[in-house]
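Undergrad: Take a look at this one; I'll ask things after.
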Amino acid sequence: LRSAWNSQELPCLPALPFIGSLLSLRSPHPPHVLFKNLQKKYGETYSLMMGFHRVIIVNQYVHAKEVLLKKGKIFAGRPRTVTTDVLTRDGKDIAFGDYSATWRFHRKIVHGALCMFGEGSASIERIILAEAQSLCSTLSEAAAMGLALDLSPELTRAVTNVICSLCFSSSYYRGDPEFETMLQYSQGIVDTVAKDSLVDIFPWLQIFPNADLHLLKDCVAIRDKLLQKKYDEHKADYSDHVQRDLMDALLRAKRSAENNNNTEICADSVGFSEDHLLMTVGDIFGAGVETTTTVLKWAIAYLIHYPEVQKRIQDELDSKVGMGRSPQLRDRGSLPYLEATIREVLRIRPVAPLLIPHVALSDTSIGNFTVKKGTRVIINLWSLHHDENEWNNPELFDPDRFLNGKGTCLIMPSSSYLPFGAGIRVCLGEALAKMELFLFLSSILQHFTLSVPPSDSLPSLDGKFGVVLQPVKYKVKASPRPGWQKYQCKAR
Ligand code: HEM
Ligand code: PLO
């Protein structure tokens, strides 16, 4: 079993021609759990074959950090797959696009545009706070009618409106048909893209009817129409003098690249086609919506399971912020228990349990194992976050693990923690996501106690594996807290 395909040392799962290691990968468990379990037999870092592609699975943090940080640039490639090619017009985006000058340039522009709205200026905070307030008013209306709600659409709308403001300077009202369309296509994409479906292992399966691929193509077509509309609107009233949002920042960069025929960043050399621009915004919009919403849903599911955690956050809010004003970003330092809870949610249910696959851009090594150019590397964040050697009782939800003994200071108890990845491919939205998680959760918990309706069972904590690990649907009863009975948010 410890045969060497690619190197003398790397343990490899059995593999057959064409199908690779598929037979060893049949399992009732989702891939991140299966890959964690396979460590027992093959060691922490092992390889397997997905069709014709060699894939290395890394289950521990020393090797993970070598791949992401120490050799980040060598492992900065991305594989091309059938489904991500459909989503991104053959990798013309940031997340699924291979390492290149174009990729670097687009990352830089997005980074700059997000910083422009960042902590320095108060505008992102204002946008999030307005959405949090609107969300709270929806919750209090539901509470007044005694309704328990699936919070997913309302959380998604709040989070979407934040990223919509940043990308397009627009927002959605409740029941907005464009928003309903977006909800549908985005779930269709999450359900079908990049989950190592058979088409991605066997591209030739495309010639057979494939329901998943059909759904993906339909959803992508609807998304692209929406993106094109936003692009056309921005182009029509673009001005060099005002930069309203990310779309304007990209348009400006595209124009200056087109006017810069003789410098190193001319439109051709950086790949600044309309496709590239649309795919970049598509990434930020898609990531901006699906990731943060997913974490909020996990956080609420855990808070319902652990009412004592909820109570402690509320006590902290009462004593540090009080009831007279909304929590703000400057309160982050004085609310360590809430921060610890957010960290714990990101540990126990990482949004992207396998990150996005990396690819070795040249011959290299991981630890003592040699790695050939073109090898795919999957970092199993699930294993890092559930490593028994690093975390006491890793299955237990325990925010206190991120606090000192007195519960007054945040600590990082282990290096085996990378919810946003690390290095050259680190998440571009980390700062934004953290601001949103803090402001949304603190606003909700300042006003409401969350539970399930008496007739319902507790939310399932098993995730549904896909390009993001989503919780299963559940209903929430939001009860206004004593002292907040008269609380009425102004409807927008
Ligand atoms: C990539 C996590 C929110 C934009 C990633 C990766 C992870 C991650 C694990 C993959 C890193 C890798 O492959 O090595 C998260 C989590 C979030 C979150 C846990 C929320 C709590 C966001 C938001 C945005 C965003 C709000 C947009 C504003 C991106 C982009 C990439 C990425 C563009 C691709 C980076 C690249 O390949 O160069 N994120 N993310 N993420 N994220 Fe996030
Ligand atoms: C989510 C569905 C959208 O309709 C399209 C989209 C674009 C970017 C993807 C995102 C989806 C899922 C989460 C991803 C993000 C890029 C980075 C992020 C994969 C598919 C993470 C967590 O890695």
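Every number here is computed from the coordinates shown, using simple stated rules; none is lab data. All values reported here derive from a predicted model rather than from experimental measurement. Glycine also receives a Cβ, built like all others from the backbone with ideal geometry; neighbour counts cover every protein chain displayed.
Undergrad: Can you sort Met116, Met412, Met247 so the residue with the fewest Cβ neighbours within 10 Å comes first? Could the numbers behind the result be given before it?
TA: Numbers: Met116 16, Met412 9, Met247 28.
Lowest to highest Cβ neighbour count: Met412, Met116, Met247.
Undergrad: Equivalent-ellipsoid semi-axes (√(5λ), Cα gyration tensor) for the chain, whole Å, largest first?
TA: Numbers: eigenvalues 259, 178, 93 Å².
Rounded to whole Å, the semi-axes are 36, 30, 22.
Undergrad: Something else about it: When only C-alpha pairs under 8 Å and at least 6 residues apart count, what is the relative contact order of segment 345-399, in percent?
TA: Values: 64 pairs, mean separation 19.7, N = 55.
Across segment 345-399, relative contact order equals 36 percent.
Undergrad: Multiplying the sequence separation of Phe18 and Lys225 by 0.36 nm and subtracting their Cα-Cα distance, what value in nm do you get?
TA: 70.8 nm
Undergrad: Once the piece of chain linking Arg126 and Asp456 is laid out straight, how much longer is it, given 0.36 nm per residue of separation minus the C-alpha distance between them?
TA: Fully extending the segment from Arg126 to Asp456 adds 115.2 nm.
Undergrad: Grab the beta carbon distance between Thr408 and Tyr306, set R0 = 25 Å, and tell me the FRET efficiency rounded to 0.05.
TA: Rounded to the nearest 0.05, the efficiency is 0.75.
Undergrad: Between Ala431 and Leu198, what length comes free when the chain is fully extended (0.36 nm per residue of separation minus the Cα-Cα distance, one decimal in nm)?
TA: Gain on extension, Ala431 to Leu198, equals 80.4 nm.
Undergrad: Are there trypsin sites (Lys or Arg not before Pro) in segment 81-186 that DSSP puts in a loop and that have at most 13 other Cβ atoms within 10 Å, and which ones?
TA: When the trypsin sites (Lys or Arg not before Pro) of segment 81-186 are filtered for loop state and at most 13 Cβ neighbours within 10 Å, Arg174 remain.
Undergrad: Defining a contact as two alpha carbons under 8 Å apart and six or more residues distant in sequence, what relative contact order in percent does the chain show? Mind dumping the intermediate values first?
TA: Numbers: 752 pairs, mean separation 117.7, N = 492.
For the chain, the relative contact order is 24 percent.
Undergrad: Next up: Given the DSSP H assignment, sum -39500 (n - 2.57) over each helix run of at least 4 residues in the chain and divide by its residue total; what's the result at 222 nm in deg cm²/dmol, nearest 500? Could you put the intermediate results ahead of the total?
TA: Numbers: 16 runs with 225 residues, N = 492.
For the chain, the value works out to -15000 deg cm²/dmol.
Undergrad: I would also like to ask the following. Would you mind getting the Kirkwood hydrodynamic radius of segment 114-255 from its Cα pairs, rounded to one decimal in Å? Kindly include the intermediate steps, with their values, before the conclusion.
TA: Values: mean 1/r = 0.0560 Å⁻¹.
By the Kirkwood definition, the hydrodynamic radius is 17.8 Å.
Undergrad: So how far apart, in nm, are the two label points at Glu274 and Asp232 if each is 7 Å from Cα heading toward Cβ?
TA: Rounded to a tenth, the inter-label distance reads 0.9 nm.
Undergrad: Can you give me the convex hull volume of the Cα atoms of segment 395-492, divided per residue and expressed in Å³?
TA: 206
Undergrad: Assuming R0 = 60 Å, what is the FRET efficiency of Ser365 and Phe208, from their Cβ-Cβ distance, to the nearest 0.05?
TA: About 0.95, to the nearest 0.05.
Undergrad: While we're looking at this one, here's another question. Calculate the tail of P(r) for segment 266-422: the fraction of all Cα-Cα distances greater than 24 Å, expressed in %.
TA: Values: 6272 of 12246 pairs.
Every Cα pair in segment 266-422 considered, those over 24 Å come to 51 percent.
Undergrad: Shifting gears a bit: Work out the FRET efficiency for Lys320 and Met145 from their Cβ-Cβ distance, taking R0 = 25 Å, and round it to the nearest 0.05.
TA: Plugging the Cβ-Cβ distance into 1/(1 + (r/R0)^6) gives 0.20.
Undergrad: Which order results if Ser442, Ser171 are arranged by neighbouring Cβ count within 10 Å, fewest first?
TA: Ser171, Ser442
Undergrad: Residue by residue through segment 403-409, which ³J(HN,Hα) values in whole Hz follow from phi under the Karplus form 6.51 cos²θ - 1.76 cosθ + 1.60 (θ = phi - 60°), with glycine and proline marked x?
TA: Each residue of segment 403-409 in turn: 10, 5, x, 7, x, 9, 10 Hz.
Undergrad: On alpha-carbon atoms, Rg over Rh for segment 12-164 using Kirkwood Rh?
TA: Values: Rg = 22.0 Å, Rh = 20.1 Å.
Over the Cα atoms of segment 12-164, Rg/Rh equals 1.10.
Undergrad: Among Phe202, Phe440, which comes first, then next, by fewest other beta-carbon atoms within 10 Å?
TA: Phe202, Phe440
Undergrad: I want to make sure I understand the PRE zone here: with the label point 7 angstrom from the Cα of Gln328 toward its beta carbon, which residues in segment 130-156 have backbone N atoms less than 18 Å away?
TA: 130-134
Undergrad: Moving on to the next point. Can you tell me the order of 210-216, 24-30, 159-165, 133-139 when each peptide is scored by its average per-residue count of other Cβ atoms within 10 angstrom, highest first? Each step should come with its number before you reach the end.
TA: Numbers: 210-216: 16.0, 24-30: 12.9, 159-165: 23.7, 133-139: 21.0.
Highest-to-lowest ranking by the protection proxy: 159-165, 133-139, 210-216, 24-30.
Undergrad: In bins 10 Å wide, starting from 0, what share of all Cα pairs of segment 65-147 does each bin hold, as a percent?
TA: Distribution as computed: 15, 24, 23, 23, 13, 2 percent.
Undergrad: Using the alpha carbons of segment 305-388, what is the convex hull volume per residue in cubic angstrom, as a whole number?
TA: 154
Undergrad: Where does the charge balance sit around Ala211 when Lys and Arg score +1, Asp and Glu -1, over other residues with C-beta under 13 Å from its C-beta?
TA: Details: positive: Lys217; negative: Asp191, Asp212, Asp218.
Summing Lys and Arg as +1 and Asp and Glu as -1 gives -2.
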